[in-house]
């Protein structure tokens with residue numbers, strides 16, 4: 001994920017390395033210091049002894065524990081471990097509980113949901129929240145979910161998504177000359193919680209007002225084919241572009257060519273929710289007003305009535321009306337554009353985000369050493 005890479009790559013007060021089982025997309029994420037984690041296969045007798053006699057967890061008898069300890073303690077002399085995503089923390093729980101240094105765990109949305117196929121996930125997640133030194137999330141709604149799961153209040157810290165606003169500069173846009181050729185954009189992973197069917201349905205109705213409007217959806221995911229098929233069923237596939245994965249330069253160009261960012265996120269049946277969508281912040285930084293929903297951390301980024309308009313989840317009529325309210329009033333659209341860019345620079349600039357994250361790291365180390373919390 002791009003926002004995680006930005007955090008890891010831009011720390012100033014810490015020397016950082018990444019432990020991963022597989023390296024992918026090195027051209028997009030050229031981080032220099034990577035430790036590839038390969039499980040050490042123990043002999044059959046030792047594995048049997050650890051599993052059946054000692055009753056050790058899988059992370060121990062499969063050799064992962066020993067490999068990780070060797071990397072962090074012997075080779076790297078590590079002061080602190082940051083585990084990105086709660087489900088990774090659940091997997092590493094035995095190590096976190098036994099390791100001799102502080103661990104912080106950050107949550108991003110899907111890692112707080114229940115899992116029907118893993119009935120032990122929630123109990124272990126609750127145990128993780130007790131075991132970690134500090135626990136972070138990117139929105140108030142996710143922090144509330146962690147509280148519901150029993151996370152001690154004195155462990156909870158906000159770690160908002162932040163973006164390099166200098167990479168997404170504000171531009172002064174002009175309304176289409178014919179008053180109809182508006183360009184709508186959504187950028188996200190193509191999954192259920194992004195409300196992509198709502199987007200296409202609302203755009204279909206919006207074309208009745210503005211027949212030369214366009215919709216571009218940037219990103220990839222399991223719903224690629226179904227989104228395109230839905231547009232074809234509605235007879236608007238010539239107006240809808242699936243742009244695929246775009247790098248920062250390409251995204252900026254897309255945002256600069258657009259007039260409004262639409263993103264009708266919603267809660268899924270398995271309780272998967274958004275934090276604050278990274279793409280929304282990038283779009284707003286360039287001056288795109290937002291049409292979205294009262295979901296997850298979105299109301300923490302979009303000031304309803306000032307930098308965009310929000311409505312209840314799955315309310316396509318309200319989404320359409322909000323789209324009309326913004327684009328039918330040029331003065332409103334232009335004011336929301338400048339307000340959106342200003343608010344992102346105030347609340348979500350990456351320099352402030354890195355300072356906050358490093359302060360959390362230093363606090364965790366101090367807590368571990370002294371046993372004292374704020």
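The values are calculated or read from the model by the stated rules, or taken from the named source; none is laboratory data. The structure displayed is predicted, hence computed values, not measured ones. Don't worry about glycine lacking a Cβ; one is built from the backbone with ideal geometry, like all the others, and counts go over all protein chains shown.
Numbers for the structure displayed
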{"read-out": "From 325, 369, 351, residue being part of a helix (DSSP H, G or I), over 19 Å from residue 172 (Cα atoms) and touching a strand residue (DSSP E or B) at 6+ places or on another chain (Cβ under 7 Å)", "value": "325"}
{"read-out": "Breaking point among (1) farther than 27 Å from residue 332 by Cβ; (2) touching a helix residue (DSSP H, G or I) at 6+ places or on another chain (Cβ under 6 Å), for residue 224", "value": "(2)"}
{"read-out": "Options 76, 12: the member that is surrounded by fewer than 14 Cβ atoms within 10 Å (Cβ to Cβ) and at pLDDT 90 or above", "value": "12"}
{"read-out": "Contacts under 6 angstrom Cβ, first residue in the range 336-355 being assigned by TED's automatic domain parsing to the domain that holds residue 298 and modelled with pLDDT of 95 or more, partner surrounded by fewer than 18 Cβ atoms within 10 Å (Cβ to Cβ) and in a helix (DSSP H, G or I), 6 or more apart", "value": "none"}
{"read-out": "Search result, residues across the range 92-117 that are within 20 Å of the chain's Cα centre (by Cα) and either outside the structural domain of residue 364 (by TED's automatic domain parsing) or on the phi < 0 side of the Ramachandran plot (or both)", "value": "104, 105, 106, 107, 108, 110, 111, 112, 113, 114, 115"}
{"read-out": "The range 112-131 - residue that is in contact (Cβ under 8 Å) with a residue 24 or more places away in the chain and more than 23 Å from residue 60 (Cβ to Cβ) and, of those, surrounded by the fewest Cβ atoms within 10 Å (Cβ to Cβ)", "value": "116"}
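Conditions (1) over 15 Å from the mean Cα position of the chain (by Cα); (2) crowded, with 24+ Cβ neighbours inside 10 Å, marked per residue:
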{"site": "250", "(1), (2)": "yes, no"}
{"site": "257", "(1), (2)": "yes, no"}
{"site": "264", "(1), (2)": "yes, yes"}
{"site": "272", "(1), (2)": "no, no"}
{"site": "277", "(1), (2)": "no, yes"}
{"site": "280", "(1), (2)": "no, yes"}
{"site": "287", "(1), (2)": "yes, yes"}
{"site": "292", "(1), (2)": "yes, yes"}
{"site": "295", "(1), (2)": "no, no"}
